[in-house]
Amino acid sequence: MMFAELVFPLPFRNTFTYSIPKDYEDVVEFGMRAAAPFGKRVLTGFVVNVTDTTNTEHKIKPLIEVLDEKPIITKKSLEFYKWIAEYYMCSLGEALKLSIPYGLEVESKRKIVVDKELCIQLLAKEKKSKTREKILKVLSEKEVINLTLLQKLIKKKNIYSIMRSLEQTGAITILDEIEDEKVKIKKVKYVKLAKPLADIYSYIPEIEKKSPIQVRALLEILNKKNKVIRLKELADKEISSSAISSLKKKGFVEVFEKAIDRNYVEVYNEQLIDFELTDEQKEVIEKVNCKIDNSSFNTFLLYGVTGSGKTQVYIELIKKVIAKNKSALVLVPEISLTPQITSRLLNNFKDNVAVLHSRMSLGERYDAWRKILNGKCQIVVGARSALFAPLKNLGIIIVDEEHDGSYKQSDSTPKYNGRDSAIMLGAMSKCPVVLGSATPSLESMHNVLTNKYELLKLTKRIDDALLPKISLVDVSVEQRKKKMKNIFSSVLLDKIDDRLNKKEGVIILQNRRGFSTSVFCIDCGKVEECTNCSVPMVYHINDNKLQCHYCGIFKPVPVKCPNCGSLSLKYFGTGTEKVEDELAFHFPQAKISRIDSDSISRKSSLSKILFEFSKGEVDILVGTQMVSKGLDFSHVSLVGVVSAETSLWLPDFRADERTFQLLTQVSGRAGRSKIEGEVIIQTFNPKHFVLQKVLMGDYEGFYNKTILERDQMNYPPFVHLCLIESKDENEEAAKNAIEDFYKELTAYRNYINISAPAPALIAKLKGFYRFHLLIKSNKNEDKGGVKMKQAIYKAFTEFNRKSRYNDVKLFYDVDPQSII
């Protein structure tokens with residue numbers, strides 16, 4: 001008998017052994033996925049070992065199904081996922097889940113069939129248990145419901161004993177159903193001729209007498225190349241399926257299925273332009289190419305001013321890699337950067353490019369992933385999850401805008417950093433890694449100065465374009481002079497008017513969505529907050545609703561204060577919708593488009609807007625930080641920033657760095673060709689050192705001051721950080737859990753620095769109360785944060801053994817981008 005050891009995407013660090021049914025013995029290999037029973041469920045696991053012996057003493061269950069035709073994980077790539085699991089403190093199964101696109105899991109779901117009348121009767125009698133009462137209330141309104149949905153509706157997971165008792169009374173029946181993958185290979189029906197052409201022609205007169213439609217169908221097929229046509233194409237020409245069935249019975253045609261690719265089509269496109277490389281670009285390419293030639297690892301920080309031609313450097317380096325029959329991975333921080341860079345890569349490399357990002361459909365992502373897995377393309381471009389594409393023989397990894405916080409996964413486990421993980425993947429693949437940025441992260445520049453990375457510089461813009469002139473407008477002074485027209489200064493409005501008259505492009509940044517960022521009562525001061533999160537609701541004028549930007553729920557706009565009944569409600573703060581609205585008032589003839597996560601929710605909407613802007617069909621582009629990254633339009637001559645303080649006031653150790661990067665990046669969108677560029681930044685605090693460094697374009701001065709503060713305050717890059725979060729629907733339980741965990745951690749104070757537990761800045765999020773504690777360990781004394789992680793694991797073991805609150809969820813965030 002053969003056995004397979006599986007890991008599952010669950011927080012268990014051990015493997016689970018299953019017997020391999022005889023039918024699958026020649027099929028199962030290391031690196032494949034298999035569906036297997038796990039407790040009362042069926043889950044998708046990853047085969048990490050195949051053996052003919054086992055040491056387990058438990059009853060061994062057989063695998064249910066093998067899900068892959070060939071391995072999707074290699075022994076070499078497994079080492080990378082093991083590193084992810086170890087460094088970011090998750091299980092190997094949770095790390096391996098990153099290797100497949102969403103929708104490929106096979107798992108069982110528990111379905112509840114309800115006897116509504118009996119449930120109504122039991123509800124009327126129920127007086128003892130509040131939880132049972134809630135369950136019966138939900139069940140009395142449903143005929144069928146999934147267990148997961150029921151748990152979500154009553155906000156309680158541990159309801160199994162109540163469900164068993166209800167099943168015994170006959171009020172419900174619980175069924176286990178296995179759900180297949182949400183996405184599969186798309187197959188399309190085709191029709192082809194089944195007889196020689198001479199035979200077909202000889203029979204046409206006879207068929208025409210009885211069925212002219214069948215003759216039309218034959219003629220349509222005959223007119224096609226290879227005499228094959230899609231069945232749907234015939235249906236579109238009003239040729240019925242019964243006509244095709246008749247021809248099939250007579251032996252004239254065959255109907256067959258063929259797998260087709262759902263290719264992602266980028267709406268935005270540019271013409272392929274031949275560039276004359278600058279001397280600086282040639283020098284950078286030569287240095288990186290040495291490592292490509294030698295198949296050796298090195299991390300390069302490409303520090304190039306905005307508009308210096310970093311993308312063209314990437315393209316030239318990829319050409320070198322492809323010439324050696326190797327593959328290339330290009331990471332961009334988020335969707336806003338993919339249209340332009342994707343278009344340029346497609347122009348140069350055609351079908352050899354696969355795109356992976358969240359705006360693609362499940363089918364498109366799956367087909368792109370299969371294309372990569374089957375070796376049909378050598379270049380992958382996408383957001384952070386593209387890091388796990390099954391590319392073989394990597395020759396280079398490029399991380400564009402390496403400083404961007406979007407490379408950090410913060411919503412789910414493992415909470416990996418795409419940039420740092422890319423460097424480790426490059427080391428394991430023995431290929432160079434290029435980190436590109438006009439505003440490098442403090443960590444990356446510190447790594448250059450400590451000889452971990454090699455610095456490459458592009459100091460000049462291409463086409464002899466000059467860096468834009470930047471001006472700060474003091475909003476408080478403008479208000480005293482009565483030169484503010486609501487959210488815009490007269491200076492900025494005049495500049496916009498001038499550029500519109502010259503038919504030049506304008507970009508306006510306001511890094512907040514919505515119309516007004518909060519609604520409050522003037523009489524009692526009550527702010528309209530989300531019921532699930534401890535944050536103000538944001539007013540969206542287009543929908544005339546309030547929305548929470550964290551959990552996504554909507555509320556109707558209140559007519560009066562829900563607290564005191566006053567009608568004196570005030571709308572406060574400025575979002576992109578208000579900016580768009582006011583610009584439309586001041587410039588009614590201008591075509592304005594908005595780019596934020598609300599406006600680009602539809603597929604290809606971002607590409608469409610950018611394409612229109614590139615052709616001059618849109619005059620003003622308004623947006624959040626999306627407009628600050630990667631956009632390269634030669635006709636843009638003015639950038640306006642409505643409020644520089646949006647990110648500066650956040651209570652986070654990276655706030656200054658993020659503000660400097662955002663303002664410098666968005667400034668770089670102006671004047672990228674012969675047209676002189678100008679940037680107007682509105683602020684209440686023009687003397688703030690961050691804004692002064694942006695004004696002077698002084699990255700070095702900003703770095704020197706900020707790195708000194710980081711050292712003094714004991715923050716990265718000088719320490720390892722880990723943020724521990726407890727989360728529960730019961731506030732007291734979440735608080736007590738993290739306090740119990742803190743007590744266990746104090747035993748390791750000699751190795752790590754631990755902050756006292758405190759409520760998170762956003763204390764309630766999506767219905768859960770949150771408490772944080774921060775752990776630091778000095779990098780000089782704790783290489784790789786090993787001591788810190790060992791202390792956390794040991795404390796967690798003791799916490800599980802002693803605490804009454806060990807059912808409260810504890811989350812680890814290694815190297816957090818934010819401590820909010």
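The values are calculated or read from the model by the stated rules, or taken from the named source; none is laboratory data. Please read all numbers here as calculations on a predicted model, not as lab measurements. Cβ: placed from backbone, ideal geometry, glycine included. Neighbour counts: every protein chain shown. Accessible surface is based on the protein model in full, side chains and every heavy atom, while ligands, DNA and RNA are left aside. Shrake-Rupley method; radii C 1.70, N 1.55, O 1.52, S 1.80 Å.
Brief remarks on what is shown
- One residue from S667, S726 being crowded, with 22+ Cβ neighbours inside 10 Å, under 29 Å from P468 (Cβ atoms), among the small types (G, A, S) and in contact (Cβ under 8 Å) with a residue 40 or more places away in the chain: S667
- Options K70, K76, K40; residue that is in contact with a strand residue (DSSP E or B) (Cβ under 8 Å, 6 or more places away or on another chain) and basic (K, R): K40
- The listed residue being among the hydrophobic types (A, V, I, L, M, F, W, C), closer than 30 Å to K502 by Cα and out of contact with any Gly (no Cβ under 9 Å at 6 or more places or on another chain), out of L606, L638, L567, L621: L606
- In the stretch 801-812, the condition of being in contact with a Lys or Arg (Cβ under 6 Å, 6 or more places away or on another chain), closer than 20 Å to C90 by Cβ, surrounded by fewer than 18 Cβ atoms within 10 Å (Cβ to Cβ) and modelled with pLDDT under 95 is met by at least one residue.
- Counting residues in the stretch 304-315 that are among the hydroxyl-bearing types (S, T, Y), closer than 15 Å to V353 by Cα and touching a residue at least 24 places away in the same chain (Cβ under 8 Å) gives one or more.
- Of all residues making up the stretch 705-719, the number that are more than 9 Å from L442 (Cβ to Cβ) and among the basic types (K, R): 1
- Of all residues in the stretch 128-140, one or more are outside any helix (DSSP H, G or I), open to solvent by 40 Å² or more (accessible area, probe 1.4 Å) and not small (G, A, S).
- Within the stretch 638-663, being modelled with pLDDT of 85 or more, farther than 20 Å from V475 by Cβ, surrounded by fewer than 24 Cβ atoms within 10 Å (Cβ to Cβ) and of a type outside the set (D, E, K, R) holds for one residue alone: F653.
- In the stretch 157-197, the qualifying residues are those that are among the hydroxyl-bearing types (S, T, Y) and modelled with pLDDT under 85, and the one that is most open to solvent (accessible area, probe 1.4 Å) is Y160.
- From E141, E179, residue being over 30 Å from E364 (Cα atoms) and out of contact with any Leu (no Cβ under 9 Å at 6 or more places or on another chain): E141
- Of all the criteria given as (1) among the polar types (S, T, N, Q); (2) open to solvent by 40 Å² or more (accessible area, probe 1.4 Å); (3) under 23 Å from the mean Cα position of the chain (by Cα), the one not satisfied by S91 is (2).
- Qualifying positions in the stretch 574-591 - of a type outside the set (D, E, K, R), crowded, with 17+ Cβ neighbours inside 10 Å and over 27 Å from the mean Cα position of the chain (by Cα): L583, F587
- Of everything in the stretch 524-541 that is closer than 17 Å to C564 by Cβ and in contact with a Phe, Trp or Tyr (Cβ under 9 Å, 6 or more places away or on another chain), the residue that is surrounded by the fewest Cβ atoms within 10 Å (Cβ to Cβ) is V527.
- Within the stretch 294-314, not a single residue is of a type in the set (K, R) and on the phi > 0 side of the Ramachandran plot.
- Of the residues in the stretch 355-372, at least one is in contact with a Ser or Thr (Cβ under 8 Å, 6 or more places away or on another chain) and buried (at least 22 other Cβ atoms within 10 Å of the Cβ).
- Whichever residue in the stretch 754-784 is assigned to a strand (DSSP E or B) and more than 30 Å from Y550 (Cβ to Cβ) and, among such residues, is least open to solvent (accessible area, probe 1.4 Å): S777
- Residue pairs meeting the criteria (Cβ under 6 Å; at least 6 apart or on separate chains; first in contact (Cβ under 8 Å) with a residue 40 or more places away in the chain, in the stretch 439-455; second open to solvent by 40 Å² or more (accessible area, probe 1.4 Å)): P440/Y303; V448/L455
- Qualifying residue in the stretch 738-750 (condition: closer than 21 Å to I792 by Cβ, free of Cβ contacts under 8 Å to residues at least 24 places away in the same chain, surrounded by fewer than 16 Cβ atoms within 10 Å (Cβ to Cβ) and under 31 Å from the mean Cα position of the chain (by Cα)): no
- Total residues in the stretch 83-121 satisfying the condition of being part of a strand (DSSP E or B) and under 23 Å from R365 (Cβ atoms): the figure is 2.
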